[in-house]
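Beneath this line is the structure, given in structure tokens, with notes to follow.
The values are calculated or read from the model by the stated rules, or taken from the named source; none is laboratory data. Nothing here was measured: the structure is a model prediction, and the numbers come from that model. In this analysis, Cβ positions are derived from the backbone assuming ideal geometry, glycine residues included, and neighbour counts consider all displayed protein chains. These area figures cover heavy atoms from the full protein model, side chains too; ligands, DNA and RNA do not enter into them. Shrake-Rupley method; radii C 1.70, N 1.55, O 1.52, S 1.80 Å.
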Amino acid sequence: MLKRIDRQQVRLGMYIHGFEGSWFKHPFWRPRFLLTDPGELALLRASDVPGVIIDDEKGFGTEHAASALAQPETRTSPRRDHQAARQVPWNDRAFTESEERKRAKGVLSRNGKVMRAIFDGARLGRAMRSNEVMQVVDEITTAVDRNARAMIEVSRLKSKHEYTYLHSVAVCALMVNLARHLGLDGRQTRDMGLAGLLHDIGKAAVPEDILNKPACLSPQEYDVMRTHPEKGHALLSGDPGITATALDVCRHHHEKIDGSGYPFNLKGEEISLAARMGAICDVFDALTSNRVYKDASSPVEAITGMAEWHGHFDPKLLFAFMQSISVFPVGMLVRLRTNRLAVVLENGRRASRPRVKAFYSTTEREMILPEVVVISDSFADDSIISRENPADWGLTGWEMLREELLEHAIRKAA
């Protein structure tokens, strides 16, 4: 339900539906969004906006104002601010995990239909309506801000015949989530979401019998498929509402760090941050989705394979992506926030939190009694901060030590 409130009544966790007064009096680049940033809240309260319209079905209503007042609004790093804003208001919500997944399914279904219409229109040569596309990006961004885990998990649940359309929605969600993790601001995050949503629009120009072929493509068919980045770029280029970032990701999301990608064999820093992000999000969703020619891999299987494709992805960005979705390859050596080294364990269930076995103190530089640690999004718990090289810590015989730690964890679990 829409409600009008004074700007001083606005709290984190409210969904802003609109602003009263002239558009140039409010300090935001988007008219509708979930308010999660303490800095944006302060900006709004200091503005000349006479009144704010909120939607209490998409965010907190005024009845939550008293509890919100008790929440601290301190500033630390951009990443910590964003995480705190996501966690503080929404951890008090009345929604169960099942209800969050239901909401996420609704977002996926609604926007998958919009993307189907956009692809169909592109096939028929109809111009794309930029405002319609941006509404999709804004709704997906809101869903990620509300419950990223639910949105990302639900996005993997697509049928083989819906893949092309729902893949666009899923990559948008993954791009928004990764942008948030990297600490990008609201405008940049929205830009990344748009780029993810439209990265495969060129497939509208690829014959459907090639797109939906339930077998490996012939060399000739593969050559046709490889034209979709350039065709997508051509489709988007004439639209003044499409950003340079979206054009860039559409054209370059199949480039590889070692220069073996297409269409221009770009390598390393020649590939923009946005395109490197797009390459990771695109492949991860493709691997974890059911396709007409293959069944889905689990998230851990997908991320393990991607980590082994040397030269394909930016390794630092790939690790940041792992952190953003809390999925890591089993056996990876990592450093924890608590100054310990640990090995990533099998988590046992597709949707469970990652587990690691801590065994080495980085401050004392010596082995410690092994301890299994569950990684979560909460700042009160431990977290994985980096991937480590065993040689840097003098861990001779690392392969044998790793197998011993993993085997011990399996025996103990049994």
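When you restrict to C-alpha pairs under 8 Å that are six or more residues apart and normalise by the size of segment 127-215, the relative contact order lands at 30 percent. Per-residue ellipticity at 222 nm, computed for the chain from helices alone with -39500 (n - 2.57) per DSSP H run of at least four residues, works out to -15000 deg cm²/dmol. Quick one: pull the percent of accessible area on the chain belonging to carbon and sulfur, 1.4 Å probe, ligands and nucleic acids left out. Accessible surface attributable to carbon and sulfur in the chain totals 53 percent.
A 1.4 Å probe, protein heavy atoms only, puts the accessible area of Met367 near 100 Å². Note on Leu217/Ile5: beta-carbon distance plugged into 1/(1 + (r/R0)^6) with R0 of 51 Å gives a FRET efficiency of 0.40. Backbone phi angles across segment 357-372, fed through the Karplus curve with coefficients 6.51, -1.76 and 1.60 (θ = phi - 60°), yield HN-Hα couplings of 10, 7, 9, 8, 8, 7, 7, 8, 6, 8, 5, 10, 4, x, 9, 7 Hz in residue order; Gly and Pro are listed as x. Set the Förster radius R0 to 51 Å, insert the Cβ-Cβ distance between Arg123 and Trp393 as r into 1/(1 + (r/R0)^6), and round the FRET efficiency to 0.05. The calculated FRET efficiency here is 0.40.
Using a probe of 1.4 Å on the protein chains alone, the accessible area found for Glu403 is around 100 Å². Taking Thr363, Thr396 and ordering them by how much accessible surface each has at a 1.4 Å probe, largest first, produces Thr396, Thr363.
With a Förster radius of 41 Å applied to the C-beta separation of Glu308 and Ala234, the computed FRET efficiency comes to 0.75. Close amide-amide hydrogen proximity is noted between Gly18 and Ile53, each under 5 Å apart and 5 or more residues distant or on a separate chain (H modeled in the peptide plane; Pro and chain starts excluded). Rounded to the nearest 10 square angstrom, Cys216 shows an accessible area of 120 square angstrom against a 1.4 Å probe.
Per residue, the chain exposes 47 Å² of solvent-accessible protein surface, assessed with a 1.4 angstrom probe and all protein chains in place. Largest accessible area first, the residues Asp56, Asp381 order themselves as Asp381, Asp56 under a 1.4 Å probe with ligands, DNA and RNA left out. In terms of the mean number of neighbouring beta-carbon atoms within 10 Å, the peptides 318-324, 272-278 order highest first as 272-278, 318-324.
Between amide H atoms placed 1.01 Å from N, distances below 5 Å from Ser289 occur with Ser297, all of them 5 or more places distant or on a separate chain. Amide H contacts of Tyr360: Leu341, Ile368, each under 5 Å away and 5 or more positions distant or on a separate chain (H built 1.01 Å from N in the peptide plane; Pro and chain starts excluded). 3J(HN,Hα) couplings calculated from phi for segment 193-208 with the Karplus curve 6.51 cos²θ - 1.76 cosθ + 1.60 (θ = phi - 60°) are, in sequence order, x, 4, 4, x, 5, 9, 4, 10, 4, x, 5, 5, 9, 9, x, 5 Hz; Gly and Pro show x. For Lys102, give me every one of the aspartates and glutamates with a C-alpha distance below 12 angstrom, ignoring sequence neighbours fewer than eight places off in its own chain. Once the sequence-local aspartates and glutamates are set aside, what remains near Lys102 is Glu153. Extension gain for the segment Ser98 to Glu20, taken as residue separation times 0.36 nm less the Cα-Cα distance, is 24.5 nm to one decimal. Backbone geometry of segment 231-248 corresponds, through the Karplus equation with coefficients 6.51, -1.76 and 1.60 at θ = phi - 60°, to 3J(HN,Hα) couplings of 5, x, 4, 5, 5, 8, 4, x, 9, x, x, 8, 7, 4, 5, 5, 4, 5 Hz, x marking Gly and Pro. Ranking Tyr262, Ala358, Phe284 by how far each Cα lies toward the positive end of the dipole of the chain (charges on Cβ) leaves Phe284 at the top. In terms of distances greater than 29 angstrom between alpha carbons, the cross-link table entries Lys3/Lys158; Lys231/Lys267; Lys203/Lys256 yield Lys3/Lys158.
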